[in-house]
Amino acid sequence: MRKKIAAANWKMNCTMQQAEDLLNNLSSANVNLSNDKISIIAVPFPYLLLAKQKLASKQNMFVAAQNCYTKRSGAFTGEISVEMLQSMNIPFVIIGHSERREYFNETNTMLADKVNIALEYNIQPIFCCGEALEIREAATQNSFVEKQLKDSLFHLSNEQILKVVIAYEPIWAIGTGKTATSQQAQEMHQHIRNVLAEKFGNDIANEISILYGGSVKGNNAVELFSQPDVDGGLVGGASLNAEEFSLIINAL
Ligand code: 13P
């Protein structure tokens, strides 16, 4: 059975003190994470170890990095390797967030390399896809997202794709307060699952968790997560408040 996942993406937010407060609040939050439900907290690199330490006693709550580099090690000033993440026992990494694609020119090909190296080091990628507003307005979102998946994930083996979590994040819904309707989310998630099924087969496609991201809040999570192909969320703004994020976890 595929897992239900509430993932937090703090992005470039929080001072050390704020991170510590938020982690303390998360660690004491009353959340229901049973076996098939997990939460993943993607914090900025400097707080990875602190987050691991603070959340260590929290059952089914894991820490993630928000990015990694394509190379193993070497003269790449300012970059973070998956080898480093592995050495810190970080189990997940977000790959291909639309902000990375847009501001740091990350291409589908580069993201395929990041997926490969993460898997090689046994770190599970949370692979992001999603279209901009112009693409939605031109009604070409299905083929656009399909290409993102094909270019960055279709070279994987069955065993490898099972390690990938997919996050569909329509860019027009990120940080805008304009959430996709549950119907729009379901339609795209079903499309993504069909695309995966064509390549990897139904059984495998049914095992892959597909998260929705884009203005998920405590008050819309239940409706979004009730859709058959929406297996949880990747949450930005609302994950910076432990109480609000707990509502989202408990909506799984
Ligand atoms: P918001 O929840 O702030 O819209 O951000 C979504 C997102 O980009 C998560 O990765």
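The values are calculated or read from the model by the stated rules, or taken from the named source; none is laboratory data. Here the structure is a predicted model, which is why all the values come from computation and not from measurement. Ideal geometry is used to build each Cβ from the backbone, glycine not excepted, and the neighbour counts take in all protein chains shown. In case anyone asks, the SASA skips ligands and DNA or RNA and just uses the protein heavy atoms, side chains included. Shrake-Rupley method; radii C 1.70, N 1.55, O 1.52, S 1.80 Å.
Note on region 155-168: among residues that are open to solvent by less than 70 Å² (accessible area, probe 1.4 Å) and over 18 Å from the mean Cα position of the chain (by Cα), the one that is nearest to residue 130 (Cα to Cα) is 156.
Residue under question is residue 20, and the condition is that it be of a type in the set (D, E, K, R), in a helix (DSSP H, G or I) and touching a helix residue (DSSP H, G or I) at 6+ places or on another chain (Cβ under 7 Å); does it hold? Judged against the criteria, residue 20 is a match.
For residue 171, the criteria (1) surrounded by fewer than 16 Cβ atoms within 10 Å (Cβ to Cβ); (2) modelled with pLDDT of 95 or more hold in every case but one, which is (1).
Residues in region 103-110: is at least one touching a helix residue (DSSP H, G or I) at 6+ places or on another chain (Cβ under 9 Å), open to solvent by 60 Å² or more (accessible area, probe 1.4 Å) and either closer than 17 Å to residue 51 by Cα or within 16 Å of the ligand (Cβ to nearest atom) (or both)? Checked against the condition, which is being touching a helix residue (DSSP H, G or I) at 6+ places or on another chain (Cβ under 9 Å), open to solvent by 60 Å² or more (accessible area, probe 1.4 Å) and either closer than 17 Å to residue 51 by Cα or within 16 Å of the ligand (Cβ to nearest atom) (or both), region 103-110 yields no hits at all.
Taking residue 52, is it among the basic types (Lys, Arg) and more than 28 Å from residue 242 (Cβ to Cβ)? In short, no. All told, residue 39 falls short of being over 17 Å from the mean Cα position of the chain (by Cα) and either within 16 Å of the ligand (Cβ to nearest atom) or outside any helix (DSSP H, G or I) (or both). Counting the residues of region 209-225 that are within 11 Å of the ligand (Cβ to nearest atom) and part of a loop (DSSP other than H, G, I, E, B) gives 5. Selection of region 226-236 for residues being within 14 Å of the ligand (Cβ to nearest atom) and not aliphatic (A, V, I, L, M) yields 232, 233, 236. Only one entry in 32, 60, 25 is away from the ligand (no atom under 16 Å from the Cβ), surrounded by fewer than 18 Cβ atoms within 10 Å (Cβ to Cβ), of a type in the set (S, T, N, Q) and modelled with pLDDT under 95, namely 32. Taking region 1-18 as the range and being surrounded by fewer than 20 Cβ atoms within 10 Å (Cβ to Cβ) and more than 16 Å from the ligand (Cβ to nearest atom) as the test, the residues that pass are 1, 2, 3, 15, 16, 17, 18. Please work out which residue is surrounded by the most Cβ atoms within 10 Å (Cβ to Cβ), limiting yourself to region 228-250 and to residues that are without any contact (Cβ under 8 Å) to a residue 60 or more places away in the chain and touching a Phe, Trp or Tyr at 6+ places or on another chain (Cβ under 8 Å). Top of the filtered list is 230. Every condition in (1) surrounded by fewer than 18 Cβ atoms within 10 Å (Cβ to Cβ); (2) at pLDDT below 95 holds for residue 180 except the one numbered (1). If a residue has to be touching a residue at least 12 places away in the same chain (Cβ under 8 Å), hydrophobic (A, V, I, L, M, F, W, C) and surrounded by fewer than 21 Cβ atoms within 10 Å (Cβ to Cβ) to count, how many in region 65-90 make the cut? Summing the residues that are touching a residue at least 12 places away in the same chain (Cβ under 8 Å), hydrophobic (A, V, I, L, M, F, W, C) and surrounded by fewer than 21 Cβ atoms within 10 Å (Cβ to Cβ) in region 65-90 gives 2. Looking at (1) part of a loop (DSSP other than H, G, I, E, B); (2) open to solvent by 10 Å² or more (accessible area, probe 1.4 Å), find the lone condition where residue 199 falls short. If we test residue 199 against (1) part of a loop (DSSP other than H, G, I, E, B); (2) open to solvent by 10 Å² or more (accessible area, probe 1.4 Å), just (1) comes out false.
Quick one: which residue in 115, 93 is within 15 Å of the ligand (Cβ to nearest atom), of a type outside the set (Phe, Trp, Tyr), within 15 Å of residue 68 (Cβ to Cβ) and surrounded by 13 or more Cβ atoms within 10 Å (Cβ to Cβ)? Don't jump to the end; show me each part of the working.
Details: 115 fails: within 15 Å of the ligand (Cβ to nearest atom).
Going through 115, 93 in turn, the sole match is 93.
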